[in-house]
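The values are calculated or read from the model by the stated rules, or taken from the named source; none is laboratory data. Owing to the predicted nature of the structure, the values given are computational and were not obtained by experimental measurement. Ideal geometry is used to build each Cβ from the backbone, glycine not excepted, and the neighbour counts take in all protein chains shown. These area figures cover heavy atoms from the full protein model, side chains too; ligands, DNA and RNA do not enter into them. Shrake-Rupley method; radii C 1.70, N 1.55, O 1.52, S 1.80 Å.
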Amino acid sequence: MRHPDFLWRNPSPKSAYDVVIVGGGGHGLATAYYLARNHGITNVAILEKGWLAGGNMARNTTIIRSNYLWDESAAIYEHSLKLWEGLSAELDYDLMFSQRGVLNLAHNLPDVREGRRRASANQQNGIDAEWLDADEVKKFCPILNTSPHVRYPVLGATLQRRAGIAKHDHVAWGYARAADALGVDLIQGCEVTGFEIDGGRVTAVRTSQGRIAAGTVALAAAGHTSVLADKAGIRLPLQSHPLQALVSELLDPVLDCVVMSGAVHVYVSQAHKGELVMGAGIDAYNSYGQRGSFNVIERQMGAALELFPIFSRVRVVRTWAGIVDVAPDASPIIGPTPVEGLYINAGWGTGGFKATPGSGWVYADTIANQRAHPLAEPFSLDRFTTGALIDEHGAAAVAH
């Protein structure tokens with residue numbers, strides 16, 4: 001699609017802003033929009049070293065769901081999903097949000113127990129969730145191979161019918177256009193090289209386009225937040241990994257839901273244009289390389305083709321990797337840092353895209369009021385010293 005005209009204006013930064021957001025992806029754009037819309041803070045700059053939404057926002061799963069296990073996770077993702085449901089109308093921009101339903105497959109007895117447990121927890125939190133047996137899974141997704149005579153037999157699945165997908169570039173342009181209309185400066189090609197800290201408080205950002213004074217600095221650069229924090233003398237408990245994905249040639253409509261398997265770290269959906277979007281788990285090694293690793297993709301695609309034999313002759317068009325930063329408990333970090341006036345929003349792992357509206361909403365509220373939004377309180381940095389972790393590793397099909 002043609003990018004909005006305002007992106008080509010790319011204004012030069014002013015000498016000072018009330019809030020400087022580092023990172024022009026989904027979370028940074030959403031945060032700027034909600035700062036302006038919800039809190040009337042419009043003297044805001046988004047600094048992006050490349051182009052807006054050219055990082056993980058262009059390399060994500062497009063999957064949206066809120067069926068996480070723990071109360072804290074379920075609350076913030078459900079808040080996000082409710083925002084998704086009215087976002088196209090609010091931004092006056094078609095995000096191609098399609099609530100087609102997400103299946104999380106169970107392949108063994110522990111999977112079944114975990115799926116039933118999660119569905120029950122979701123229901124108690126007011127989140128739609130169902131448990132389907134193998135026959136019901138087959139009825140919901142007829143092209144899925146539910147034979148018992150395979151390596152990964154489908155014993156059942158959880159289903160969230162309100163979940164689905166959205167078109168990631170539309171989400172970025174929708175938020176960017178709305179933020180721009182409210183007076184936010186969107187500055188591309190502006191790399192942050194350091195911070196000025198005086199008396200324990202951040203006072204300015206040093207960039208490739210010069211010094212910018214800032215009342216508050218908010219980090220929202222997925223996969224690279226730990227690198228930025230290090231420039232401010234902060235060591236974060238994050239590791240960055242490539243997250244594999246690929247798309248196929250264009251096909252006629254054959255898959256009208258999203259299918260995920262946490263056991264083999266595979267997801268499959270069909271985009272609006274017709275290509276299959278298929279993904280694998282994160283690479284075990286730490287890297288900032290935005291490229292696919294054949295050994296990871298081969299292993300996971302073998303499992304995907306067992307689940308979907310109909311795709312065995314489909315051609316792959318391209319592969320890539322997004323860079324995700326992962327905290328020890330696979331949950332995000334949202335809130336202030338030891339440097340006064342410096343905030344972070346990071347560690348979303350594979351959950352970043354689906355959290356975009358909710359993350360931006362609570363991050364903006366936290367920045368505007370200089371205290372954690374209630375939904376963000378459990379995700380503070382100090383949980384790694386208190387031990388109050390929110391361990392979503394494997395607890396909620398957290399692969400994507």
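Observations on the structure shown:
- Identity of the residue in the range 275-320, within 18 Å of residue 259 (Cα to Cα) and without any contact (Cβ under 8 Å) to a residue 12 or more places away in the chain, that ends up surrounded by the most Cβ atoms within 10 Å (Cβ to Cβ): 305
- Residue within the range 49-60 that is open to solvent by 40 Å² or more (accessible area, probe 1.4 Å), in contact with a helix residue (DSSP H, G or I) (Cβ under 7 Å, 6 or more places away or on another chain) and within 21 Å of residue 98 (Cβ to Cβ) present: yes
Here's the yes/no breakdown for (1) out of contact with any Pro (no Cβ under 8 Å at 6 or more places or on another chain); (2) part of a loop (DSSP other than H, G, I, E, B); (3) at pLDDT 95 or above:
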| position | (1), (2), (3) |
| --- | --- |
| 226 | yes, no, no |
| 229 | yes, no, yes |
| 241 | yes, no, no |
| 254 | yes, yes, yes |
| 259 | yes, no, yes |
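- Flag if residue 12 is touching a strand residue (DSSP E or B) at 6+ places or on another chain (Cβ under 8 Å), open to solvent by 20 Å² or more (accessible area, probe 1.4 Å) and more than 30 Å from residue 207 (Cα to Cα): no
- For the range 349-374, filtered to residues that are charged (D, E, K, R) and over 10 Å from residue 34 (Cα atoms), the residue that is surrounded by the fewest Cβ atoms within 10 Å (Cβ to Cβ) is 371.
- Single residue of the range 85-131 satisfying the filter (in contact with a strand residue (DSSP E or B) (Cβ under 7 Å, 6 or more places away or on another chain), polar (S, T, N, Q) and not in a loop (DSSP other than H, G, I, E, B)) that is farthest from residue 169 (Cα to Cα): 104
- When the range 197-213 is filtered for residues that are of a type outside the set (Val, Ile, Thr) and open to solvent by 10 Å² or more (accessible area, probe 1.4 Å), the ones remaining, listed by number, are 198, 199, 200, 201, 206, 208, 209, 210, 211, 213.
- Scanning the range 22-39 for residues that are among the polar types (S, T, N, Q) and closer than 17 Å to residue 352 by Cα returns a single hit, 31.
- Qualifying residue in the range 117-132 (condition: hydrophobic (A, V, I, L, M, F, W, C) and touching an Asp or Glu at 6+ places or on another chain (Cβ under 7 Å)): yes
- Looking at 233, 223, just one residue is buried (at least 16 other Cβ atoms within 10 Å of the Cβ) and at positive phi, and that residue is 223.
- Identity of the residue in the range 375-389, within 17 Å of the chain's Cα centre (by Cα) and assigned to a loop (DSSP other than H, G, I, E, B), that ends up surrounded by the most Cβ atoms within 10 Å (Cβ to Cβ): 376
- Number of the condition not met by residue 77 [criteria: (1) within 18 Å of the chain's Cα centre (by Cα); (2) not in a helix (DSSP H, G or I)]: (2)
- Among residues of the range 73-100 that are without any contact (Cβ under 8 Å) to a residue 24 or more places away in the chain, those with a beta-carbon under 9 Å from a residue that is outside any helix (DSSP H, G or I) at least six positions away or on a different chain give the pairs 82/66.
- Across the range 132-160, the qualifying residues are those that are β-branched (Val, Ile, Thr) and out of contact with any strand residue (DSSP E or B) (no Cβ under 7 Å at 6 or more places or on another chain), and the one among them that is farthest from residue 93 (Cα to Cα) is 150.
- Look at (1) open to solvent by 40 Å² or more (accessible area, probe 1.4 Å); (2) touching a strand residue (DSSP E or B) at 6+ places or on another chain (Cβ under 8 Å) and you find that residue 163 fails only one, number (1).
- In the range 250-274, residue least open to solvent (accessible area, probe 1.4 Å) [restricted to those that are under 12 Å from residue 62 (Cβ atoms) and among the small types (Gly, Ala, Ser)]: 269
- The range 199-214, residues that are among the small types (Gly, Ala, Ser) and either within 27 Å of the chain's Cα centre (by Cα) or outside any strand (DSSP E or B) (or both): 199, 200, 208, 214
- Filter result for residue 330 (in a helix (DSSP H, G or I) and open to solvent by 10 Å² or more (accessible area, probe 1.4 Å)): no
- Total residues in the range 185-196 satisfying the condition of being surrounded by fewer than 17 Cβ atoms within 10 Å (Cβ to Cβ) and part of a strand (DSSP E or B): the figure is 3.
- Of the residues in the range 73-86, none is under 23 Å from residue 220 (Cα atoms), out of contact with any helix residue (DSSP H, G or I) (no Cβ under 9 Å at 6 or more places or on another chain) and open to solvent by 10 Å² or more (accessible area, probe 1.4 Å).
- Annotation note: Cβ proximity below 6 Å between a residue of the range 38-55 that is under 17 Å from residue 27 (Cβ atoms) and part of a loop (DSSP other than H, G, I, E, B) and a residue that is of a type in the set (S, T, N, Q) and open to solvent by 40 Å² or more (accessible area, probe 1.4 Å) (sequence gap 6+ or interchain) occurs for no pair.
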